[in-house]
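The values are calculated or read from the model by the stated rules, or taken from the named source; none is laboratory data. Computed from a predicted model, the values in this text were never measured in an experiment. So basically every Cβ, Gly included, is an ideal-geometry build from the backbone, and we count neighbours across all protein chains shown. Note: accessible area is taken over every heavy atom of the protein model, side chains too, but ligands, DNA and RNA are not part of it. Shrake-Rupley method; radii C 1.70, N 1.55, O 1.52, S 1.80 Å.
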Amino acid sequence: MEDCLAKKMEITVSEAEKRTGKNAMNIQETYTAYLIETRAVESQSEGQCAPVDSLWRRYSEFELLRNYLSVTYPHIVVPPLPEKRADFVWHKLSADNMDPDFVERRRIGLENFLLRVASHPVLCQDKIFYSFLTQEGGWKDMVNETGFQLKADSRLKALNATFRVKNPDKRFTELKHYSDELQSVISHLLRVRARVADRLYGVYKVHGNYGRVFSEWSAIEKEMGDGLQSAGHHMDVYAASIDDILEEEEHYADLLKEYLFYAEALRAVCRKHELMQYDLEMAAQDLTSKKQQCEELATGTVRTFSLKGVTSKLFGQETAEQREAKIKILEEQIQEGEEQLKSKNLEGRDFVKSAWADIERFKEQKNHDLKEALISYAVLQISMCKKGIQVWTNAKECFSKM
């Protein structure tokens, strides 16, 4: 972690700007661009003010970067991007992806994504990630030159690999179940929170109604007027604070959503391992088949029913020279297959070792982040309750003085 990019460079997504332009299909569209600012840390420690480098990126460019990282580093739980469109929102909040509040939270989420990558011991060293932060143009060409899209297309095979693997690794099967449970629990938590936010909004607006009634009442009651007006003022202030409170709550919800999307990143690692395991088993099966063919040719016996056996009986046996030539080809294929199987075994062991180390790192990060977020959320709820008690305490004092 001492050498991670986050220690050497300050990274911020400082602004979001609504723009209009033409897409790849030459169709006019409106989109949001985000200003990335970077500054070297070393020169600041020497008492100098380092210049700030800045460039604009679209959300789609962040998506391209993350796709590249996911394909290039299949054993890593790659940090997710913030949602492209609002989800799990309480109904008073706009779900429009151009809504200023949503754009601001997405700006914070994109900055968090860059900081997560810059803090990762492996991802932070990627040259294309560094180019994404520092080069206005050219970084997309670097991505395309890696041929990552071809690798990405090959991942489609992983969709069916799960049902074909004969001996799945129990650790990755359990990890997949863990990621499913994590997603299910956080989804449920977000849905409950959205319902609670709706109710809370209603409670605060009821206080607004109290404030209006007390204020109107004070106009016709001379002796009680001051007390009613003061009580109404307390109610109005309390009711007006709900928008800021629920906006603050949304930031805690965004952190939960990050781990909702992390669950998919965990499953991506599992799918890659399943695909590697499937390829390994297919290579082993092919090698066994070739060894059996070679043995049958060498001994002249056919253990299993085959078209070759039927053909031999109908048209006679092969000559010794033909058999020797086929045996030689098979022996070469067997040798090549054994080397390939050995290579796949080594690749699989390295993948498991690297993936498990990163999964442990992720779990430690998750436990720390969610603990802090839930504690902060609880503190916010306690603070809100105390304010509610104080409002009615103040109202009681106003009524007592009448």
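Structure summary
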quantity	calculated
Accessible-area value, Trp356, 1.4 Å probe, nucleic acids and ligands omitted, Å²	60
Computed label-point distance, nm, for sites Lys353 and Ile382 using a 7 Å Cα→Cβ extension	4.7
FRET E, pair Glu42, Leu374, Förster distance 45 Å, beta-carbon r, rounded to 0.05	0.75
Magnitude of the charge dipole, the chain, Cβ model with Lys/Arg +1 and Asp/Glu -1, debye to 20	1280
Segment Gln149-Trp392, length gained on full extension (0.36 nm per residue, minus Cα span)	81.3 nm
Proximal aspartates and glutamates to Lys401, defined as alpha-carbon separation beneath 18 angstrom and excluding residues fewer than eight positions away on the same chain	Glu221, Glu223, Asp226
Computed lengthening from Arg195 to Asp141, 0.36 nm per intervening residue step minus Cα-Cα distance	14.8 nm
Hits among lysines - C-alpha to C-alpha of Lys396 under 25 Å, sequence gap 8 or more where chains match	Lys205, Lys222, Lys386, Lys387
Cα-Cα P(r), segment 258-298, percent of pairs per 5 Å interval	5, 21, 13, 12, 12, 9, 9, 6, 5, 4, 3, 1, 0
Whole-number accessible area per residue in Å² for segment 259-304, which is evaluated in the context of all protein chains at 1.4 Å	45
Percent accessible area from carbon and sulfur atoms, the chain, protein chains only, probe 1.4 Å	53
Spacing of the two label points (7 Å from each Cα toward its C-beta) at Glu17 and Glu281, in nm	5.4
Signed unit charges on C-beta, dipole axis of segment 142-284, positive-most listed residue Val196, Ala265, Ala219	Ala265
Dipole axis of the chain (+1 Lys, Arg; -1 Asp, Glu on Cβ), positive-most option in Leu69, Trp392, Leu182	Leu182
Nearest-0.05 FRET efficiency for His177 and Ala33, computed from C-beta distance (R0 41 Å)	0.55
Distance-filtered residues of segment 371-402 - backbone nitrogen under 14 Å, label point 7 angstrom along Asp226 Cα→Cβ	398-402
Sequence-distant lysines (8 or more away, or on other chains) whose Cα lies within less than 25 Å of Lys127	Lys7, Lys8, Lys140, Lys151, Lys272, Lys353
Volume per residue that the Cα convex hull of segment 315-400 spans, once the total is divided by residue count, Å³	125
³J(HN,Hα), Karplus 6.51/-1.76/1.60, whole Hz, each residue of segment 257-270, x for Gly, Pro	5, 4, 7, 4, 6, 4, 4, 5, 5, 5, 5, 4, 5, 4
Mean separation of Cα contacts under 8 Å (6+ apart) over length of segment 169-255, as relative contact order %	27
Chain lengthening between Trp217 and Glu247 when straightened (0.36 nm per residue, less Cα-Cα)	7.6 nm
Highest average packing first - 378-388, 101-111, Cβ atoms within 10 Å	101-111, 378-388
Extent along principal axes [Cα atoms of the chain; Å; largest to smallest]	122, 52, 46
Among 221-234, 165-178, the order from most to least packed when residues are scored by Cβ within 10 Å on average	221-234, 165-178
Degrees separating the helix 170-218 axis from the principal Cα axis of the chain, which is the longest one	10
